[in-house]
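Asks: Sending over a structure as structure tokens; questions will come in a sec.
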Amino acid sequence: MDALCRAEPRPRRPQAAAAAAAASSSLLPWARFSAWLDCVCVVTFDLELGQAMELVYPYDFRLTEKEKTSICYLSFPDSYSGGLGDTQFSFRLRQSGGQRTTHYEDDGEYNREAPLTLQRESAHYFGYVYFRQVKDSSMKRGYFQKSLVLVSRLPYVNLFQSLLQLIAPEYFDKLEPCLEAVCNEIDQWPPPVPGHTLNLPVMGVVIQVRIPSRVDKPGSSPVKQCNQENLLPAPMVLPSIHELDLFSCLAPLRYCCDYRPYFTIHDSEFKEYTTRTQAPPNIVVGVTNPFFIKTLQHWPHILRVGELKMSGDLPKQVKVKKLAKLKTLDTKPGIYTAYKTFLHKDKTLIKRLLKGIQRKRPSEVQSALLRRHLLELTQSFIIPLEHYIASLMPLQRAITPWKNPPQIRPFRQEDFMKTLEHAGPQLTCVLKGDWLGLYRRFFRSPNFEGWYRQRHKEMTQKLEALHLEAICEANIVAWMKDKSEVEIVDLVLKLREKLVRARCQHLPVKEETLQRIGLYIETIIGSLPEDLQAVLHHH
């Protein structure tokens, strides 16, 4: 490990090195690194400046001043804490300064294959923090306070926090050369491909992870041991890249509002989120400063996390409380909400979890029980919606080659509600309650809009694919017999446009179908006069 950290860092991409890299590979410098991380930041405490950005690596990565300031504040705890040692947490940050170029050239294929909850963000960064605070008499302040931060567009909480556990202690000991060596190793990793199990070597350790795919069966075990050919030492297998993700229990629904796992009073959105002149925003924020309890008293839901006493009447400690009871800064842990629940609580699950606490069942098993329950509950809720939206798809026999595909019928909420009597969640879920009220509440939320928009897009693409297949089966020569040159040229242009769209959007259509349509286009062009052929070939 020491040898790795003392390894000479690669040159900082001079022209000759860049040319050699280009010759050996089509990838740009830092392209592999950028598939995982945008940059690595080091934030330190300066007596005069407070939190200050000490280092951004790779050196040519550009953060705006606003982003640098936000990362600095978000990388240190926002409340007085005398606790010494190491702390890990994560945050989510809105990108500022508009779109920017990146070394990683992804055409969107990753997002098409990845589960919705694990897609690469385009407008936000995730920050994964390893903060160290230890006494140090050589520092004026008397303490060493520094954070190593991995900045990425991927919500891989478990992977990046595990990576930090390996590299941060070494970095604090050996500093910049160690960081350069690690980044160079990450620049050799294969890109994250949904459905693939990857071996990621770093600092003498091989991290083995499986990148989830959207075709994975919900609730299936994430990592299967893959062939470990010549892997020495044995890999560190992570059961999940994202297990700590706050919203992964909500799969297969994507959380469509904003969320900030860690938020401070210095955040640029602080005024926007804490104003009382309008309704609270659709956002979940995680905070450590008690100041927020008073500032956000008007918010409809507040979860106060604290130490639970392991003796006594545990259910009373975790009881849902009315928001009116949230009065003082020393409020007890619990959920304070103005929300009226639509479904009755699952007493069987609560008993199982409580029994697990009493028997000191491992927290991983408890989490798995809870995730399974929430997944099954979500599936019971979503299956009727999936059945109804599938009924809005035009019949395949209505798709003909020479007409535009028929439209998807509109989603009518009242029509959907009528289907629930015979095909509702009661068929797969034993929980009782006001399911109709829950659906009506869901229809008013951004999460429904996001779900419907995504499903409508997928159905539209399926229609396009079916239309291409119908064209493939058609007799184009027979169609051309009584058509004018103008109509034939128009067909060529439309088919070309469809072909380009199919490839750009990665429509669910066989490659042989696309190739056949390409041949059709060439055949049609070949039947036209030479002057028209020249024009069409030119275009």
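The values are calculated or read from the model by the stated rules, or taken from the named source; none is laboratory data. The shown structure was predicted, so the numbers you read here are calculated from the model rather than taken from an experiment. Quick reminder, even Gly has a Cβ in these numbers, built from the backbone with ideal geometry, and neighbours come from all protein chains shown. Accessible surface is based on the protein model in full, side chains and every heavy atom, while ligands, DNA and RNA are left aside. Shrake-Rupley method; radii C 1.70, N 1.55, O 1.52, S 1.80 Å.
Asks: TYR339 to GLN188: FRET efficiency via 1/(1 + (r/R0)^6), r the Cβ-Cβ distance, R0 51 Å, to the nearest 0.05?
Replies: Working: r = 49 Å, r/R0 = 0.95.
Computed FRET efficiency for TYR339 and GLN188 comes out at 0.55.
Asks: Follow-up question, since we're still on this one. Please report, for the Cα atoms of the range 341-486, the Rg to one decimal and the Dmax as a whole number; what are they, in angstrom?
Replies: 23.0, 82
Asks: I would also like to ask the following. On the protein heavy atoms, probe 1.4 angstrom, tell me the percent of accessible surface of the range 120-164 carried by carbon and sulfur.
Replies: After summing per-atom areas, the C and S share lands at 48 percent.
Asks: Contour minus end-to-end for GLN505 and LYS483, with contour as 0.36 nm per residue of separation and end-to-end as the Cα-Cα distance?
Replies: 4.8 nm
Asks: With the crude spin-label approximation of a point 7 Å out along Cα→Cβ, what separation in nm comes out for GLU48 versus ARG352?
Replies: So the two model labels end up 6.0 nm from each other.
Asks: Over the heavy atoms of CYS72, what accessible area does a 1.4 Å probe trace out, to the nearest 10 Å²?
Replies: For CYS72, solvent-accessible area is about 10 Å².
Asks: Need one value: the accessible area of SER122 in square angstrom, 1.4 angstrom probe, rounded to the nearest 10.
Replies: Roll a 1.4 Å probe over it and SER122 shows about 80 Å².
Asks: Please compare each pair in LYS294/LYS360; LYS340/LYS457; LYS217/LYS457 to a cut-off of 30 Å on the Cα-Cα distance and tell me which ones are over it.
Replies: Over 30 Å apart, Cα to Cα: LYS294/LYS360; LYS340/LYS457.
Asks: Run the paramagnetic zone check for ASP490: 7 angstrom along Cα to Cβ, then residues of the range 398-424 with backbone nitrogen under 18 Å.
Replies: Answer for the range 398-424: 400-406.
Asks: For the residue pair THR400 and HIS537, what label-to-label distance in nm results when each label sits 7 Å from Cα along the Cα-to-beta-carbon direction?
Replies: Those two pseudo-labels are separated by 3.5 nm.
Asks: Run the numbers on the range 332-462 and let me know its relative contact order in percent, using alpha-carbon pairs under 8 Å that are six or more apart.
Replies: Relative contact order of the range 332-462: 33 percent.
Asks: Out of the range 116-193, which GluC sites (Glu not before Pro) are coil in DSSP terms and have no more than 16 other C-beta atoms within 10 Å?
Replies: Numbers: sites: GLU121, GLU170, GLU180, GLU185; in loops: GLU121.
Counting only loop positions with at most 16 other Cβ atoms within 10 Å, the GluC sites (Glu not before Pro) in the range 116-193 are GLU121.
Asks: Any chance you could tell me what percent of the C-alpha pair distances in the range 400-539 go past 25 Å?
Replies: Above the 25 Å cut-off, the range 400-539 has 49 percent of its Cα pairs.
Asks: Also, I was wondering about something else. By how many nm would the segment from ARG141 to SER363 lengthen if fully extended, with 0.36 nm per residue of separation less the alpha-carbon distance?
Replies: 76.1 nm
Asks: For ILE408, ILE207, write out the residues from largest to smallest accessible area, computed with a 1.4 angstrom probe and no ligands counted.
Replies: Of ILE408, ILE207, the descending order of accessible area is ILE408, ILE207.
Asks: Once R0 is set to 41 Å, what does the formula 1/(1 + (r/R0)^6) return for the Cβ-Cβ distance between THR275 and LEU427, expressed as a FRET efficiency to the nearest 0.05? All intermediate terms of the calculation are to be shown ahead of the outcome.
Replies: Numbers: r = 45 Å, r/R0 = 1.09.
Once the sixth-power term is evaluated, E becomes 0.40.
Asks: Please compute the per residue accessible area over the range 472-517 with all protein chains in place, 1.4 Å probe, rounded to a whole number of Å².
Replies: 64 Å²
Asks: Hey, another quick one. Sort THR274, THR197, THR288 from largest to smallest accessible area, using a 1.4 Å probe on the heavy atoms of the protein chains.
Replies: THR288, THR197, THR274
Asks: May I pose another question? Quick one: which residues, 5 or more positions from LEU200 or on another chain, have an amide H under 5 Å from its amide H? H modelled 1.01 Å from N in the peptide plane, none for Pro or chain starts.
Replies: Sorted by chain and number, the residues that satisfy this are ILE207, GLN208, VAL209.
Asks: Follow-up question, since we're still on this one. Rounded, prolate or oblate: which one fits the range 108-173, using the alpha carbon gyration tensor with axes a ≥ b ≥ c (rounded when a/c is under 1.5, else prolate when a/b beats b/c, else oblate)?
Replies: It comes out prolate by the Cα gyration axes.
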